[in-house]
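The values are calculated or read from the model by the stated rules, or taken from the named source; none is laboratory data. Predicted model, so just to flag it, every value in this text is computed and none were measured. Heads up, the Cβs are rebuilt from the backbone with ideal geometry, glycines too, and the neighbour counts pull from every protein chain shown. Please note that ligands, DNA and RNA were not included when accessible areas were found on the heavy atoms of the full protein model with its side chains. Shrake-Rupley method; radii C 1.70, N 1.55, O 1.52, S 1.80 Å.
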Amino acid sequence: MIDEDDLLAPYDLSAWEPPPPPAGLADAVLARAKEPPAASAVELAREPRRWGWIAGGVVAVAAVVIAILVRLPGAAAPGPTAPAHGEVIADGARTLSIGATSAALDPGTEVRWRREGRRILVDQPRGRATWNVDADDTLVIDAGAMGASVEATGASLRVEVEMNLADVRTITTSGVTAMAVALVTVVVYEGHVNVTRGGQTVNVVPGTTHEIRPEPSRSELAVGASSIEQAPFDDRDTDRAPERTVSREPARCDEVSCVLSNYAGECCAEYRDIEITDCDAVAPMQRGEQQLANGDAAAALVSFEASLACVHDLRAVKRAYIAACNSRNAAKARRYFAALPASERSRLDQICIRNGISPE
Amino acid sequence: MTAVAIARRPEPLDELTLRRAQRGDERAWRELVERYQQPVHALIWRLLAGRARHRVEDLVQETFVRVLRALPSFDPSGPASLQTWMLTIATRLALNELRRPEPQPLAAEPTSTERADTPAERRRLASAIAAGMAALPAAQRAVLVLREYHDLDYQEIATALELDLGTVKSRLARARTALREHLVVALPELGGRHDRRG
């Protein structure tokens, strides 16, 4: 009698091995992901025709409902009044009306709101929005989860929250995490606007722009431990950073929670005081990709190594490995191959072997 | 049997990268795709065993596009891991693909993908497994591939395919039996060894 789980035991099923994923898959996916959803290339299963009619009816009803609730790109007129609370991720340019207060949202902007009497509490974690705040309303925007708030009454202002990938900094720590840094820009056209951070309030007068930058020692990338530079903190940056705030304790006090909470709370002190180094990991990566695409693997290797010197990133290690293989730099190839996780090694070893290099 | 799957399971995406990806960070998206492209590609390639090969790449792309668009609603503390969730999406897309009329006949002997230096015996085994898998009904093949190659447990398979546990177990049993019968005929020396041992 053979146990059911052992039925296939004599056969090494791993022999049926798929080919590696096609090169450039991530590029293709990202390009498609940025297309409108309607451009999707694969349809859902084709069910019998009657389901098509039913689905068509549902889509038509949904389209009418959506058309009523949301004005789509290019809408010149303000949208209908939104409920007292809600959230939206704008898939195109949109107008959002919250009573007499409204916002013009750029594509991709994410906004959550809740009205409490005359106060409208808004969380804008990403994107750009131009707000027109009624004279009787007070708009309070928590922008970019940076512990800063923007308060406006009878005002017209633009709030932009961007992930600042180029301003990469390195933290010397044992962490293996990474995150982008939010940069919040407030442009005031008219009215009364205050920006409060860490107990310090700044009045932003019409015609001026106010930037809320990450606090230098708290809001930067945490990276892997194996390739780390240290440098003293540059005090010149402190004039751009508002006073520190210790308003919230993270749910947990491990490093990840502290990074996510922007190092709020006393329990994050041990992570907060880590020294940082300004450097740019993105530009050399981009340069390296271009050089690799042009067939100049040796130059690409130099660029990827420059990126690695700033941030020890697995993608950069992989690209450095590939560049080393293609430039037939055996020593470097073996060095970066050794730094790859086992799962990547089995996938990438052929690149060097094809170039006559044994990566191990 | 699960060694096949475990050996290919990538390291999970770290929490911060996942959060960044959920917020639409392109760099995090890229990391996610690169991290999971191998299992997703392998799953779809196997589910379409011998059929509609030209659609594999497009389905893999489509899987990730849908993953990225649905990512903000993914709950990391929910019952499914990120990988299981992605494999679920991939499985459903592949099964949808298999429901379409296939203009070309089933390949009796699916093309082997082994490298030239693969031993002949292993190539023969791969070819026999591929043919046996291609002969299975798609529903059985999906259960078997998810279990044997991707290490999903019964409950995860049931969730992925919207089946009850009993159906998962019965399909798995039928699939294993059918594949074994195929392999015993194709490779009698291996099946005979097992019978003697059992």
(request) Please give the residues from the range B:121-159 for which the solvent-accessible area of heavy atoms, probe 1.4 Å, is smaller by at least 50 Å² with all protein chains in place than with the chain isolated. (result) B:Arg122
(message) Under 28 Å between alpha carbons, and skipping anything fewer than 8 positions from A:Lys34 in its own chain: which lysines qualify?
(response) A:Lys318
(message) Please compute the length gained on full extension between A:Arg335 and A:Tyr189, using 0.36 nm multiplied by the number of residues separating them and subtracting their Cα-Cα distance.
(response) 47.1 nm
(request) Apply 1/(1 + (r/R0)^6) to the Cβ-Cβ distance of A:Ala23 and A:Asp142, taking R0 = 41 Å, and write down the FRET efficiency to the nearest 0.05. (result) 0.45
(message) Could you put B:Tyr36, B:Tyr154 in order of accessible surface area, largest first, with the 1.4 Å probe and the full protein assembly present?
(response) B:Tyr154, B:Tyr36
(message) Excluding ligands, DNA and RNA, what is the accessible area buried between chains A and B, summed over both sides, using a 1.4 Å probe, to the nearest 100 Å²?
(response) 6300
(request) State, to one decimal in nm, how far the label point of B:Val185 lies from the label point of A:Ala309, with both points 7 Å from Cα in the Cβ direction. (result) 6.5
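Return the FRET efficiency for the residue pair A:Ala31, B:Glu11: r is the Cβ-Cβ distance, R0 is 25 Å, and the value is rounded to the nearest 0.05.
Computed FRET efficiency for A:Ala31 and B:Glu11: 0.45.
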(request) Using only protein heavy atoms and a 1.4 Å probe, report how much of B:Trp29 is accessible, in Å² to the nearest 10. (result) 30
